[in-house]
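A short write-up of the structure that comes next.
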Amino acid sequence: MSDERPPDGIILTEAQKRSRRNRSIATALALGVLVLLFFAVTLVKGPAVLNRPL
C-alpha cells in the first residue's frame, strides 16, 4: 500500500492563499493600531486614571 493519498479537506488556490494572507496582515495591523491607541490614551490620562471614586 502506498501512503500517497490526496489530502482531505479544501485545497486553496494561490489567489485564495494570497487573499487569506493579506486579510491576516490587515487584521494584525488593525490590532496593533488599537494596542498603540489604548497605550497612548493611557499615557495621556496619566496616573489619575487610578484615582477615581468607587
Cross-chain or 6+ apart pairs with Cβ under 8 Å, region 10-39 first and in a helix (DSSP H, G or I), then surrounded by 10 or more Cβ atoms within 10 Å (Cβ to Cβ)
20/12
Among 23, 18, the single one that is at pLDDT 90 or above, under 11 Å from the mean Cα position of the chain (by Cα), open to solvent by 90 Å² or more (accessible area, probe 1.4 Å) and of a type in the set (D, E, K, R) is 23
Which of the following residues is open to solvent by 100 Å² or more (accessible area, probe 1.4 Å) and either at pLDDT 85 or above or in contact with a Gly (Cβ under 6 Å, 6 or more places away or on another chain) (or both): 33, 44?
44
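The values are calculated or read from the model by the stated rules, or taken from the named source; none is laboratory data. Remember, predicted model here, so these are calculated numbers, not experimental data. A quick note on method: Cβ atoms are made from the backbone with ideal geometry, for glycine too, and the neighbour counts reach across all protein chains shown. These area figures cover heavy atoms from the full protein model, side chains too; ligands, DNA and RNA do not enter into them. Shrake-Rupley method; radii C 1.70, N 1.55, O 1.52, S 1.80 Å.
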